[in-house]
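A.B. asks: Have a look at this one.
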Amino acid sequence: MMTPELYNSRFMKAARCEPTDCTPVWIMRQAGRYLPEYMAVRSKTTFIDLCKTPELAAEVTLTAREVLGVDAAILFADLLPILQPMGFDLEYVKGEGPVIHNPLMAASEIDRVKAVDDVEILSYVFDAIKLIRNDLPSDIPLLGFAGAPFTLASYAIEGGGSKNYIRTKTIMYNDEGAWDALMNRLVDSLGKYLNAQIDAGVQAVQIFDSWAGCLSPADYRRYVQPYTKKLIEAVQDETPLINFLTGNPALIPDQVEAGGDVIGIDWRIDLAEARKIIGNERAIQGNLDPISLYANLDVLESRTKAVLDANAGHPGHIFNLGHGVQPDMNPDHVKALVQMVHELSAN
Ligand code: CP3
């Protein structure tokens, strides 16, 4: 699947820590509600139907890539639909976000969680990948993704977003056997899911541990890292993997230990500091504070430059926000950011 053009693209080179003509950039949630082109498609259907209609998912993926001029496309999908075949009743509620109507209320319920044996049940994702790959420029890689086991477990247990992750942590602390069973079912399902995305045509994958930042380093090492590591090891070796975690830079050493070719970091740590921890063997993705996009363009530019300067020309930097774009951000600022990264980093 990997043509020389894709192999030698800016994004793929940076993922291998090879020098590039300028710093590659893509934006988490680049196809989202801030983009009028997305809203035009979204207004005709529900979010879940958009995810499950390959032609529409392909359209929003390709359009966002093109209007922004970013160096990679990311598959339009979501972290949570994989929980449906695992036995969870998922709904996206207007104004509230995702809700699981039958979350795990106690450790004793974990037996009802099914691992996904046959990922063909998620064929709408693989069909979208094939359509996108067909229509993407031949030098632009397509990224697949999945949630990391902890982040998905927290949704399965909390039933939605959470402030303190009380039920998740209570089950985790009280019943390590049940926690192990749940995490293993997630790891098995997610490994198959990511490998099937690769078979369908993505060039790299990202795992989102969006909520792992609520953990202490010791708890991350004990309850999360072994599973994330197992998942990363299960993913086809030759495909670069971005291990993204947000919320707690104190976890970076353990995040690195879990694996991944690219370490995705947020803005709560200076990139130069992160580089000292991560070293030069792996690429770093990040790490502009997304709220910078609300600032005036001259301020945005100096903040963008500060991130590039913190990387100090090391090969192996993929520019991104430290977390996703917000629905009320100005699309012109997002487009300007992409241009700024290319111009400010050009050799
Ligand atoms: O990045 C991209 O453009 C690709 C698509 C993508 C979406 N969600 C689309 C989406 C990706 C990679 C995700 C990942 C995702 N989904 C995460 C991890 C990302 C992160 O920020 O750390 C999480 C936690 C989810 C779960 C999820 N899906 C939430 C919490 C929500 C509601 C958020 C909100 O702001 O309402 C969603 C819905 C969702 N996923 C939307 C989009 C574009 C908005 C839904 C809509 O159109 O109404």
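The values are calculated or read from the model by the stated rules, or taken from the named source; none is laboratory data. Every value quoted in this text rests on a predicted model; they were computed, and no experiment measured them. A quick note on method: Cβ atoms are made from the backbone with ideal geometry, for glycine too, and the neighbour counts reach across all protein chains shown. Ligands, DNA and RNA are excluded from the accessible area calculation, which covers all protein heavy atoms including side chains. Shrake-Rupley method; radii C 1.70, N 1.55, O 1.52, S 1.80 Å.
A.B. asks: Restricting to the stretch 85-116, and then to whatever is at pLDDT below 95 and either in a loop (DSSP other than H, G, I, E, B) or in contact with a helix residue (DSSP H, G or I) (Cβ under 8 Å, 6 or more places away or on another chain) (or both), can you tell me which residue is surrounded by the fewest Cβ atoms within 10 Å (Cβ to Cβ)?
C.D. replies: Filtering first and then ranking leaves 95.
A.B. asks: Let me ask you something else. When residues of the stretch 297-319 are filtered for being of a type in the set (Ser, Thr, Tyr), under 22 Å from the mean Cα position of the chain (by Cα) and either within 16 Å of the ligand (Cβ to nearest atom) or open to solvent by 20 Å² or more (accessible area, probe 1.4 Å) (or both), how many remain? Steps first, please.
C.D. replies: Initially, the stretch 297-319 is screened for residues of a type in the set (Ser, Thr, Tyr), giving 302, 304.
With the extra rule that they be under 22 Å from the mean Cα position of the chain (by Cα), the set shrinks to 304.
So of that shortlist, the ones also either within 16 Å of the ligand (Cβ to nearest atom) or open to solvent by 20 Å² or more (accessible area, probe 1.4 Å) (or both) come out as none.
The qualifying residues number 0.
A.B. asks: Checking residue 240 against (1) without any contact (Cβ under 8 Å) to a residue 40 or more places away in the chain; (2) under 26 Å from residue 72 (Cα atoms); (3) in contact with a helix residue (DSSP H, G or I) (Cβ under 6 Å, 6 or more places away or on another chain): exactly one of these is not met. Which one?
C.D. replies: Condition (1) is where residue 240 drops out.
A.B. asks: Could you grab me the full set of residues in the stretch 12-36 that are within 12 Å of the ligand (Cβ to nearest atom) and under 19 Å from residue 132 (Cβ atoms)? Give the derivation first.
C.D. replies: Applying the first criterion (within 12 Å of the ligand (Cβ to nearest atom)) to the stretch 12-36 yields 26-35.
Passing the criteria: 26, 27, 28, 29, 30, 31, 32, 35.
A.B. asks: Kindly evaluate residue 269 against the criterion of being open to solvent by less than 20 Å² (accessible area, probe 1.4 Å) and in contact with a helix residue (DSSP H, G or I) (Cβ under 9 Å, 6 or more places away or on another chain). Don't jump to the end; show me each part of the working.
C.D. replies: Numbers: open to solvent by less than 20 Å² (accessible area, probe 1.4 Å): no; in contact with a helix residue (DSSP H, G or I) (Cβ under 9 Å, 6 or more places away or on another chain): yes.
No.
A.B. asks: In the list 322, 260, which residue meets the criterion of being touching a residue at least 60 places away in the same chain (Cβ under 8 Å) and surrounded by 15 or more Cβ atoms within 10 Å (Cβ to Cβ)? Don't jump to the end; show me each part of the working.
C.D. replies: Working: 260 fails: touching a residue at least 60 places away in the same chain (Cβ under 8 Å).
Step by step, each of 322, 260 is checked, and only 322 is touching a residue at least 60 places away in the same chain (Cβ under 8 Å) and surrounded by 15 or more Cβ atoms within 10 Å (Cβ to Cβ).
A.B. asks: Of 314, 333, 323, 342, which residue is closer than 21 Å to residue 74 by Cβ, assigned to a loop (DSSP other than H, G, I, E, B) and either modelled with pLDDT of 95 or more or of a type in the set (S, T, N, Q) (or both)?
C.D. replies: Details: 314 fails: closer than 21 Å to residue 74 by Cβ; 333 fails: assigned to a loop (DSSP other than H, G, I, E, B); 342 fails: assigned to a loop (DSSP other than H, G, I, E, B).
Residue meeting the stated conditions: 323.
A.B. asks: Could you check, for the stretch 126-133, whether at least one of its residues is β-branched (Val, Ile, Thr) and within 13 Å of the ligand (Cβ to nearest atom)?
C.D. replies: Within the stretch 126-133, the subset β-branched (Val, Ile, Thr) is 129, 132.
Still in the list and also within 13 Å of the ligand (Cβ to nearest atom): 129, 132.
Scanning the stretch 126-133 turns up at least one residue that is β-branched (Val, Ile, Thr) and within 13 Å of the ligand (Cβ to nearest atom).
A.B. asks: Pairs only if they're at least six apart or on different chains, beta carbon under 7 angstrom, first in the stretch 59-79 and closer than 13 Å to residue 27 by Cα and open to solvent by 30 Å² or more (accessible area, probe 1.4 Å), second of a type in the set (Phe, Trp, Tyr) and assigned to a helix (DSSP H, G or I); list them, first residue then second.
C.D. replies: Every condition considered, no pair remains.
A.B. asks: Run down 196, 212 and say which single residue is more than 16 Å from the ligand (Cβ to nearest atom), open to solvent by less than 30 Å² (accessible area, probe 1.4 Å), touching a residue at least 40 places away in the same chain (Cβ under 8 Å) and small (Gly, Ala, Ser). First the steps, then the outcome.
C.D. replies: Working: 212 fails: more than 16 Å from the ligand (Cβ to nearest atom).
One residue alone meets the criteria, 196.
A.B. asks: What do you reckon, is residue 89 away from the ligand (no atom under 12 Å from the Cβ), free of Cβ contacts under 8 Å to residues at least 40 places away in the same chain and not basic (Lys, Arg)?
C.D. replies: Answer is yes for this residue.
A.B. asks: While we're on this one: State all residues of the stretch 334-347 that are open to solvent by less than 30 Å² (accessible area, probe 1.4 Å) and over 19 Å from residue 272 (Cβ atoms); if no residue qualifies, say none.
C.D. replies: The first filter runs over the stretch 334-347 and keeps only residues open to solvent by less than 30 Å² (accessible area, probe 1.4 Å), leaving 334, 336-338, 340-341, 345.
Of everything in the stretch 334-347, those that are open to solvent by less than 30 Å² (accessible area, probe 1.4 Å) and over 19 Å from residue 272 (Cβ atoms) turn out to be 334, 336, 337, 338, 340.
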